[in-house]
Amino acid sequence: MATSLSIESNISIPANCFTPKGYVKSHPASGLLSTRYGDRLIAVPELLLRSIPKTLRAEAGEASYLALYTFGNHWGKTFCDRVMQDMVKYHRQPILDTIAAEFFVNVQEAWAVHGLGRPSVDFKLAERGLLVVSIANSGIGGGAEIEANATYRTFSLEAGFLAGWFSALTDKKLRACASNWSEAPDSLQFLVGSASHIELIERSHLDIAMLTPDILNSL
């Protein structure tokens, strides 16, 4: 049975660290936003997020996909470190001592309050070294245009972000690739695993344009 970051509503947990009302602080005099710990926050217009990939592609061609993936990888790592630090400060205990349900709810809320969408993780392929990660209402990759014949089309800003996030979370060098990039769906889906495993999947299934449930089960 698939397991996700979505938690049943009848589980009782402490107040969430990333509840917007308590986590985000505004400063009308300066026009700035910050977290409860004083770390600066910025609001990035969707127009800018759409313009950056287009500009990079015009300047660097297909190499822009790899550039965005690399940028996303670093971003994901630093974001994970920030979230973990905030959770430790808020709950005053090591992450390893955090109840799993509480941890997952905090992670979902952290992504949501930062405008990144809501992640869910399917562990059904975990024994084969893969995680299937879906992002609902993505604030990074939603609506991203990907050329059908691009050599690096499984690379994206959000794939890099996920690779960085899970690499920082597990202290292992992981890689991610889009698995339904051709669909432009409401929920984006990615595979996360070791670099060699993901590269093998990309070589084997790149021409299919989408990894369907049947293909995923055969990996």
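Observations
- Segment 26-83: GluC sites (Glu not before Pro) in DSSP coil with no more than 16 other Cβ atoms inside 10 Å: Glu62
- Gyration tensor verdict on segment 10-133 (Cα atoms; rounded if a/c is under 1.5, prolate if a/b is larger than b/c, oblate otherwise): oblate
- Selection from Leu49, Asn73, Met87, by position along the positive dipole direction of segment 47-106 (Cβ): Leu49
- Taken over the Cα atoms of segment 25-72, the convex hull encloses 95 Å³ per residue.
Read the figures in this text as sums done on the coordinates, not as results from a lab. None of these values were measured; they are calculated from a predicted model. Quick reminder, even Gly has a Cβ in these numbers, built from the backbone with ideal geometry, and neighbours come from all protein chains shown.
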